[in-house]
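Notes follow once the structure below has been shown.
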Amino acid sequence: MSWVRFGTGATVAAIGGLMARYAIQRERLERSWLTRVDERLSDIGEVDHVSILPLVERLSPRDGLLGEPGVSYLIRADDTTVLFDLGLNSGPRGRSTLTFNGDALGADLRSLDAVVLSHNHGDHVGGMASMMRRTFRLTPDHLEPVGLPAYVPVEMRHERAETLVTTEPRVIAPGMAVLPPLPRMLFWAGPVMEQALVINVRDFGLVLVSGCGHPGIERMLAASERVLDVPVKAVVGGLHLPVHAFGTPLVPQAVFGSPHWPWKLIGEQDVHDTIEALRERGPHIVALSGHDSTPWTYGAMERAFGDGYRTLRVGEELEIPGSS
């Protein structure tokens, strides 16, 4: 039975190595994030209208649209059209869910002004193969135009798009900017760098768009406040709160996407802390992705924010008008 003892010893050593890596890198990352938001943007401009159309989400409200455990939002801000994240890139008969839903909803993905990727996880960059190769794709076929600007949080490559690595706050269009990627240490998955998109709507304030929210909403809001002297009035997207995930499809997100020690799951207190961080800023709109949060979380958010809350679903467009 020596092989059993060897296997047990190897498993214990592997877990011990993970615990040491987690402790060391978490401490380092916790100290480093403030240096990433030293730069300020004095004026990113304003837009008069923003619409956010979920093309990929876990929840789909009707037949003819596909649900998928990933995220992709088509964002129109006045004359600028940006695709935020690309989903998991699964779909029927070799098509991606992104292009399937895009066609069903009349979204022209060939006329984008830019792509913004929140972080290099498979459900945001077009699949696990893309994540491993540090690239991204909208569809198995070439759809994106040559030279399309793609704002990425880490070094990535693409054979057609122009990849632009975010290292500091950056205006990408009138009234639109990406915040510097913020770090978070996940126990099983390791370190992740995630950036958010912000849009400044005239006489409304900032709309903050999040992919997974791995850095935590408190840190993301603090980064926005340090970079821009404009209040955040809408938070849209993933906040990674798969509370009471057992019995739901979100067990992988609860386990592998957790920033805690493995014996401490993401729980109700994490949701309460998120709600308090949001309440301190007084947003008018909180729109939560279902790709990484559970129905328990939807209910808590709805109770906290009432008519200002919505759960994001494929094809249900969120519109935020400014003064005009």
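The values are calculated or read from the model by the stated rules, or taken from the named source; none is laboratory data. Everything quoted here is computed from the prediction, not taken from an experiment. Positions of Cβ are generated from backbone atoms using ideal geometry, with glycine treated the same way; all protein chains shown enter the neighbour counts. Note: areas computed on protein heavy atoms with side chains; ligands, DNA, RNA excluded. Shrake-Rupley method; radii C 1.70, N 1.55, O 1.52, S 1.80 Å.
Data overview
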read-out: Breaking point among (1) in contact (Cβ under 8 Å) with a residue 40 or more places away in the chain; (2) buried (at least 22 other Cβ atoms within 10 Å of the Cβ); (3) under 15 Å from the mean Cα position of the chain (by Cα), for Leu208; value: (1)
read-out: All positions within the stretch 43-67 that are farther than 22 Å from Leu208 by Cβ and in contact (Cβ under 8 Å) with a residue 60 or more places away in the chain; value: Ser60, Pro61, Arg62, Leu65, Leu66, Gly67
read-out: Number of positions in the stretch 59-86 that are modelled with pLDDT under 95 and either assigned to a helix (DSSP H, G or I) or crowded, with 24+ Cβ neighbours inside 10 Å (or both); value: 2
read-out: Residue within the stretch 298-306 that is among the basic types (Lys, Arg) and farther than 23 Å from Leu55 by Cα present; value: yes
read-out: Condition check for Leu265: assigned to a loop (DSSP other than H, G, I, E, B), more than 28 Å from Glu168 (Cβ to Cβ) and either open to solvent by 30 Å² or more (accessible area, probe 1.4 Å) or touching a Cys at 6+ places or on another chain (Cβ under 9 Å) (or both); value: yes
read-out: Scope the stretch 90-118; condition in contact (Cβ under 8 Å) with a residue 12 or more places away in the chain, open to solvent by 20 Å² or more (accessible area, probe 1.4 Å) and assigned to a loop (DSSP other than H, G, I, E, B); matching residues; value: Ser90, Gly91, Arg95, Leu105, Arg110, Ser111, Asp113
read-out: Considering residues of the stretch 268-301 that are hydrophobic (A, V, I, L, M, F, W, C) and open to solvent by 20 Å² or more (accessible area, probe 1.4 Å) only, the residue nearest to Leu208 (Cα to Cα); value: Ile285
read-out: Residue check, Val227 aliphatic (A, V, I, L, M) and either touching a strand residue (DSSP E or B) at 6+ places or on another chain (Cβ under 7 Å) or under 21 Å from Ser130 (Cβ atoms) (or both); value: no
read-out: Where Asp38 falls short, out of the listed (1) farther than 24 Å from Arg184 by Cα; (2) loosely packed, with under 13 Cβ neighbours inside 10 Å; (3) charged (D, E, K, R); value: (1)
read-out: Subset of the stretch 1-29 that is open to solvent by 80 Å² or more (accessible area, probe 1.4 Å) and at pLDDT 70 or above - its residue that is farthest from the chain's Cα centre (by Cα); value: Ile24
read-out: Cross-chain or 6+ apart pairs with Cβ under 6 Å, the stretch 226-241 first and under 13 Å from Pro283 (Cβ atoms), then among the aromatic types (Phe, Trp, Tyr); value: Lys233/Phe204
read-out: Number of positions in the stretch 134-169 that are part of a strand (DSSP E or B), more than 17 Å from the chain's Cα centre (by Cα) and of a type outside the set (D, E, K, R); value: 3
read-out: Selected residue [more than 21 Å from Val192 (Cα to Cα) and at pLDDT below 95] from Thr297, Thr248, Thr311; value: Thr248
read-out: Selection status of Arg184, surrounded by fewer than 23 Cβ atoms within 10 Å (Cβ to Cβ) and either more than 12 Å from the chain's Cα centre (by Cα) or at pLDDT 95 or above (or both); value: no
read-out: Given (1) open to solvent by 20 Å² or more (accessible area, probe 1.4 Å); (2) among the β-branched types (Val, Ile, Thr); (3) touching a residue at least 60 places away in the same chain (Cβ under 8 Å), index of the condition Thr248 fails; value: (3)
read-out: Residues located in the stretch 170-181, provided they are open to solvent by less than 10 Å² (accessible area, probe 1.4 Å), on the phi < 0 side of the Ramachandran plot and in a loop (DSSP other than H, G, I, E, B); value: Leu179, Pro180, Pro181
